[in-house]
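The values are calculated or read from the model by the stated rules, or taken from the named source; none is laboratory data. Note that the structure is a prediction, hence the values are computed from the model and not measured. Cβ placement follows ideal geometry from the backbone for every residue including glycine, while neighbour counts extend to all protein chains displayed.
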Amino acid sequence: MSRIAIAGFVCLLAIISFAFFERPEKPEDLEDNIINIENFHEIPPQPGKDIYGFITEDSDLEITEDVVKRNESLYIILRKHDVDPQVIHNIQNEASQQVNLRRIMPGQSYRIYKKDGHAVAMVWHRTKVNYATINWEDDIQVDVNDLPITRTEVETAGVINNSLYETIVGEGVSQRLGVELADVFGWEIDFFALRSGDHFKVIYENLYANGEYLGIGDIKAAEFQHRGSVHKAYYFENEGRRGFFDEDGNSMQKELLKAPFNYSQRISSGFSNSRFHPILKERRPHHGTDYAAPTGTPIISVGDGVITEAQYRGGNGNIVQIRHNNSYKTAYLHLNRFASGIRAGVEVDQGQVIGYVGQTGLATGPHLCYRLYVNERPVNSVNADLPAAESLEEQFHQEFNGLVQFYEARLQNIELSKDLASNKLQEAGG
């Protein structure tokens, strides 16, 4: 494996780890807000009111902004503003059906509204987007809302010298963009084998709430050149369809077959977390689906991919593992033998024969144990919601073609760094 491939693999793992494990400054994940913002749109504040709906124009409201300190609770905060303990108790009882006021945590922001020197209302920001308003001036009223999201389209480009991660960070962009690009092009580009000189252009959204940056939103269009091949993707969404498509309207998501055979085979043992092993005579996880079939029955790859393992491995017998993209991996166990040319590092096509049914390893009879992994976790292949490649319907082509023309012109106008121009000059012998 080349030094660039190794660096790319390590840094891609770093991106994935960041996406799953990094915590935001606030106690609750901002990603939940970013993922579920499709229904929010930019709503201008009503005249004479602040963004939370309180009348501020020509009013005598006094507003105090602060941040929850360590060991502070709703009671402590409101008592600092001379709210009667009984009122605080009533607020907590009234709010319990809508919001858990015991979840007030350090670092969260809040506002206190006072009229004639008396606190009458509070806004508590549970996250950067979600907030609760509490008004006790007359009757106690509690509401939970979200700030409107502002989306702005921005552009960036980069030339890969070591890894996609380092390039994106070097451009001053959120490393989350690397994860999103890997998701978009994951079925077309092997992100574990990027090489120096590969480059990308991307148009994407930045998200803001009340002027505060939240993170990146949708990628609108992207171009990725890998090993001399140019791949393009455009995000299309209307009431009928949504997703990423190439310039011809083909889905960027590829299909995985439900089972690794050309013909139906009988399932002899299903996916289980506690199956009685017929040889070891003990209960243990069986994270695969067993298909009973005659010795020598051809086994096919359920999708395009790269073989990461093809060898004899203990109780698994002869095993083939295939990485289909950054999320999906499959394994085929107990093979009688491998098909010609099947070895680690070889690219295979969907439907290609990779081996033949046998009973090598710990097996009581000829069968295939087929395993499916999503993000390195074993899942039940029988009921898994597998990706399916569906091209854009003809009824949407006119709208989609207009979108492609618009974003293609913008992609062409994005300038790459001088490093790429230098690389191209060297490749041309200049």
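Could you pull out the residue among Asp143, Asp138 that is surrounded by fewer than 18 Cβ atoms within 10 Å (Cβ to Cβ) and outside any loop (DSSP other than H, G, I, E, B)?
Asp143
Output the number of residues of the stretch 361-388 satisfying the condition of being crowded, with 19+ Cβ neighbours inside 10 Å, of a type in the set (S, T, N, Q) and over 26 Å from the mean Cα position of the chain (by Cα).
0
Filter the stretch 155-178 down to the residues that are under 19 Å from the mean Cα position of the chain (by Cα), small (Gly, Ala, Ser) and not in a loop (DSSP other than H, G, I, E, B) and list them by number.
Passing the criteria: only Gly178.
I'm checking my understanding of the structure. Among residues of the stretch 113-135 that are in a loop (DSSP other than H, G, I, E, B) and charged (D, E, K, R), which one is surrounded by the most Cβ atoms within 10 Å (Cβ to Cβ)?
Residue satisfying both the conditions and the ranking: Lys128.
Could you check how many residues of the stretch 189-212 are modelled with pLDDT under 90 and among the aromatic types (Phe, Trp, Tyr)?
Residues flagged as modelled with pLDDT under 90 and among the aromatic types (Phe, Trp, Tyr) within the stretch 189-212 amount to 2.
Here is a list of conditions, (1) in contact with an Asp or Glu (Cβ under 8 Å, 6 or more places away or on another chain); (2) crowded, with 18+ Cβ neighbours inside 10 Å; (3) part of a loop (DSSP other than H, G, I, E, B); (4) at pLDDT 95 or above, and Ala344 meets all of them except one; can you say which number that is?
Here Ala344 meets the rest and fails (2).
Looking only at the stretch 347-374, how many residues end up being at pLDDT 95 or above and among the small types (Gly, Ala, Ser)?
Within the stretch 347-374, residues that are at pLDDT 95 or above and among the small types (Gly, Ala, Ser) number 2.
Only one residue in Val382, Val357 is β-branched (Val, Ile, Thr), touching a residue at least 60 places away in the same chain (Cβ under 8 Å) and part of a loop (DSSP other than H, G, I, E, B). Which one?
Working: Val357 fails: part of a loop (DSSP other than H, G, I, E, B).
Of the residues listed, the single one that is β-branched (Val, Ile, Thr), touching a residue at least 60 places away in the same chain (Cβ under 8 Å) and part of a loop (DSSP other than H, G, I, E, B) is Val382.
With (1) buried (at least 18 other Cβ atoms within 10 Å of the Cβ); (2) modelled with pLDDT of 90 or more as the list, and Thr152 as the residue in question, which single condition is left unmet?
(1)
Which condition number in (1) closer than 14 Å to Val404 by Cα; (2) under 18 Å from the mean Cα position of the chain (by Cα) is the one that Glu247 fails?
For Glu247, the failing item is (2).
When you check Ser327 against the structure, is it surrounded by 14 or more Cβ atoms within 10 Å (Cβ to Cβ), polar (S, T, N, Q), within 30 Å of the chain's Cα centre (by Cα) and at pLDDT 95 or above, yes or no?
Working: surrounded by 14 or more Cβ atoms within 10 Å (Cβ to Cβ): yes; polar (S, T, N, Q): yes; within 30 Å of the chain's Cα centre (by Cα): yes; at pLDDT 95 or above: no.
So Ser327 fails the test.
Consider Thr152 carefully, then state whether it is part of a strand (DSSP E or B) and of a type in the set (S, T, N, Q).
Working: part of a strand (DSSP E or B): yes; of a type in the set (S, T, N, Q): yes.
It is true that Thr152 is part of a strand (DSSP E or B) and of a type in the set (S, T, N, Q).
How many residues are under 33 Å from the mean Cα position of the chain (by Cα), in contact (Cβ under 8 Å) with a residue 60 or more places away in the chain and not in a strand (DSSP E or B) if we restrict to the stretch 283-301?
Qualifying residue count, the stretch 283-301: 2.
Could you identify the single residue in Gln350, Gln311 that is without any contact (Cβ under 8 Å) to a residue 40 or more places away in the chain and either touching an Asp or Glu at 6+ places or on another chain (Cβ under 8 Å) or assigned to a strand (DSSP E or B) (or both)?
On inspection, the qualifying residue turns out to be Gln311.
Residues are listed down the side, and each one gets a yes or a no for (1) touching a helix residue (DSSP H, G or I) at 6+ places or on another chain (Cβ under 6 Å); (2) outside the structural domain of Gly243 (by TED's automatic domain parsing); (3) outside any helix (DSSP H, G or I):
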{"residue": "Glu180", "(1), (2), (3)": "no, no, no"}
{"residue": "Asp183", "(1), (2), (3)": "no, no, no"}
{"residue": "Ile189", "(1), (2), (3)": "no, no, yes"}
{"residue": "Ser196", "(1), (2), (3)": "yes, no, yes"}
{"residue": "Phe200", "(1), (2), (3)": "no, no, yes"}
{"residue": "Glu205", "(1), (2), (3)": "no, no, yes"}
{"residue": "Ala221", "(1), (2), (3)": "yes, no, yes"}
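Does Asn71 fit the bill of being on the phi > 0 side of the Ramachandran plot and not aromatic (Phe, Trp, Tyr)?
So Asn71 passes the test.
Can you tell me which residue within the stretch 213-267, out of those that are among the basic types (Lys, Arg) and out of contact with any Gly (no Cβ under 8 Å at 6 or more places or on another chain), is farthest from Gly197 (Cα to Cα)? Lay out the reasoning, then the answer.
Within the stretch 213-267, the subset among the basic types (Lys, Arg) is 220, 227, 232, 241-242, 254, 258, 266.
When the remaining residues are screened for being out of contact with any Gly (no Cβ under 8 Å at 6 or more places or on another chain), the result is 220, 227, 232, 241-242, 258, 266.
Numbers: Lys220: 24, Arg227: 8, Lys232: 17, Arg241: 35, Arg242: 32, Lys258: 37, Arg266: 48 Å.
Here the residue is Arg266.
Based on this model, can you work out whether Ile319 counts as assigned to a strand (DSSP E or B), in contact (Cβ under 8 Å) with a residue 12 or more places away in the chain and surrounded by 21 or more Cβ atoms within 10 Å (Cβ to Cβ)?
Yes, satisfied.
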